[in-house]
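Since the structure comes first, as structure tokens, the remarks are kept for the end.
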């Protein structure tokens, strides 16, 4: 049985950066229009896992998810893996393999793993499975670690919170 952390890892925080509000479309609990995917750390597998069902609002082909939504879920799963290294890293590129149609209204599992790290470059992989363990889609992505305070400074000026990305001591 996998050891899953009780801590929810829905956001973009690390031990070095705190985010007071998270409006991310994929995982932001503060975005009522978003997917609000809730990833948990599986410590034994060193992966991040989310169990979820997709509603009809994410339809592509009849009864199945839109390809862009599938890519979003895979991007979120891979992005969470960067928390293992306590970095904020942005997607530089990703490749998605759509293996089987992803059904709406059924329990699905998304899981992301680290493949390798070279300096600021993080290579991660992810997959979406059905409850029977059949892989429906998978991806490989390249993420580049950034300093969020520098990169997003101009968008966060004048915020009462001191900016979205408050450095933790």
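The values are calculated or read from the model by the stated rules, or taken from the named source; none is laboratory data. In this text, all values refer to a predicted model and were calculated from it rather than measured experimentally. So basically every Cβ, Gly included, is an ideal-geometry build from the backbone, and we count neighbours across all protein chains shown.
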Q. For residue 96, are the conditions met, namely being at pLDDT 95 or above, in contact with a strand residue (DSSP E or B) (Cβ under 7 Å, 6 or more places away or on another chain) and surrounded by fewer than 21 Cβ atoms within 10 Å (Cβ to Cβ)?
A. yes
Q.
Can you say whether residue 134 is in contact (Cβ under 8 Å) with a residue 24 or more places away in the chain and over 28 Å from residue 65 (Cα atoms), as far as the supplied structure shows?
A. no
Q: Identify all residues within segment 43-78 that are surrounded by 14 or more Cβ atoms within 10 Å (Cβ to Cβ) and either at pLDDT below 95 or part of a helix (DSSP H, G or I) (or both); write none if there are none.
A: 58, 67, 69, 70, 71, 72, 73, 74, 75, 76, 77, 78
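Can you go through 113, 12, 86 and tell me which one is in contact with a helix residue (DSSP H, G or I) (Cβ under 9 Å, 6 or more places away or on another chain), at pLDDT below 95 and within 24 Å of residue 147 (Cα to Cα)?
Values: 113 fails: at pLDDT below 95; 86 fails: in contact with a helix residue (DSSP H, G or I) (Cβ under 9 Å, 6 or more places away or on another chain).
The match here is 12.
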